[in-house]
Amino acid sequence: MKKARRMAAIGPKTDLLAKLRSVGLSPLALIFLVVLGIAPLFIEDEYILRLMVMSLLLGTQAMVFDFTASFINVINFGFAAFVGLGAYTSALLVVELGVSPWLGLIAGTLAAGILGVLTGILTLRLRGIYASVMAWFVGLTLMALTSAWTDLTRGTRGINVPLLLDTAAMRPYFYILLPIAVGIYIIMSAITKSYIGLAFKAIGQNIEAARSSGIDPTKYKVINWTVSCAFAGSIGGFYAHFIGILIPSVMATSRTVEVLALSYIGGPGSLWGGLVAAFLVIPIFDYLKSLMEIRLIIYALLLSLTMIFYPEGLAGTYRWAVEKIKSSRSGEK
């Protein structure tokens, strides 16, 4: 009887863990999220809290970038432009039409997603570097339009954007962004573990084999691209009402390079790796402010070292450590 009760108690727990794992929430991930959620309650220094918000902001972008780069093997060099589009859409609706910033976030998501569909249909029929270059051109065009359309965007003078909250404190912004980041991660993780995700992986590994098995590469690439662009727009909307000022350089290619580096340092294909990498790299970069003029060179060095010595990034190192622990335990038995 006792054994039966114990098995009955274990059953629901196992089912719950299986459901959590199906959306990418392993026990370690849950611990990380709990620690991340509780930590700001014990931190009073606004400088540290701001670093946490910026790390979460860039880490979320790295997750979204990885969703496309690792699963369908297309590098979106125009990624920052979609973030900027979401930011400008939300900002202009609030400034010009008096729309609520919360509705602006939704509008930014929709605007970036719609442009994602259109650019995806036009560019994702191309292969390899050609699709990436076309995405880069789209990004450059958006930045040029933002700079030139001064009557609407004020160009390089920038737009003063109303903040999301009537406070300069960082803690409330962190607790707004955290559920957004977790929600984005859960949705993307659930997609990658579904049939659609299997199609993504097949296309990323061998597009011809995927086509021969009945998968329409263009269709699934566009789906992936649209989801990624829409989430980039939602992050951009938050960014606009967090920073409080927008200039066209928010769409610069250098911003994409930073996100790309975090994604690969974290571990391609892991999604969560870029988030962890951001919380390690961003504070270090902030400490080395005197080197900010050459930060892209530093990012390039970090990226090169990662690809040479740790091609699977932080996520790969974590998996290696887990396998080592499991093998040592099995050896002891």
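Here are the numbers:
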read-out	value
Restricting the range 22-41 to residues that are under 16 Å from Y318 (Cβ atoms) and surrounded by 12 or more Cβ atoms within 10 Å (Cβ to Cβ), the residue that is modelled with the lowest pLDDT	G24
Residue within the range 190-207 that is more than 29 Å from A29 (Cα to Cα), assigned to a helix (DSSP H, G or I) and not acidic (D, E) present	yes
Qualifying residue in the range 94-107 (condition: of a type outside the set (F, W, Y) and touching a His at 6+ places or on another chain (Cβ under 6 Å))	yes
Whichever residue in the range 271-316 is surrounded by fewer than 13 Cβ atoms within 10 Å (Cβ to Cβ) and polar (S, T, N, Q) and, among such residues, is modelled with the highest pLDDT	S304
Selection within the range 161-199 - in contact with a Lys or Arg (Cβ under 9 Å, 6 or more places away or on another chain) and either basic (K, R) or farther than 17 Å from A39 by Cα (or both)	T192, K193, A199
Qualifying residues in the range 227-254 (those that are within 14 Å of the chain's Cα centre (by Cα), more than 24 Å from Y299 (Cα to Cα) and of a type in the set (A, V, I, L, M)) - the one surrounded by the most Cβ atoms within 10 Å (Cβ to Cβ)	A230
Among (1) in contact with a Ser or Thr (Cβ under 9 Å, 6 or more places away or on another chain); (2) farther than 18 Å from F67 by Cβ - the single one M307 does not satisfy	(1)
Failed condition for N160, given (1) under 17 Å from A252 (Cα atoms); (2) in contact with a strand residue (DSSP E or B) (Cβ under 8 Å, 6 or more places away or on another chain)	(1)
Pick from the range 66-93, criterion within 13 Å of the chain's Cα centre (by Cα) and of a type in the set (S, T, N, Q), ranking: nearest to A209 (Cα to Cα)	S70
Any hit, the range 187-195, residues being surrounded by fewer than 18 Cβ atoms within 10 Å (Cβ to Cβ), more than 17 Å from L85 (Cα to Cα) and aromatic (F, W, Y)	yes
Set P179, P217: member being more than 30 Å from V250 (Cα to Cα) and under 24 Å from the mean Cα position of the chain (by Cα)	P217
Pairs with Cβ under 8 Å, 6+ apart, first in the range 37-63 and touching a residue at least 40 places away in the same chain (Cβ under 8 Å) and under 16 Å from L271 (Cβ atoms), second in a helix (DSSP H, G or I) and among the charged types (D, E, K, R)	L58/E258
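The values are calculated or read from the model by the stated rules, or taken from the named source; none is laboratory data. Nothing here was measured: the structure is a model prediction, and the numbers come from that model. Note that each Cβ is placed from the backbone with ideal geometry, even for glycine, and that neighbours are counted across all protein chains shown.
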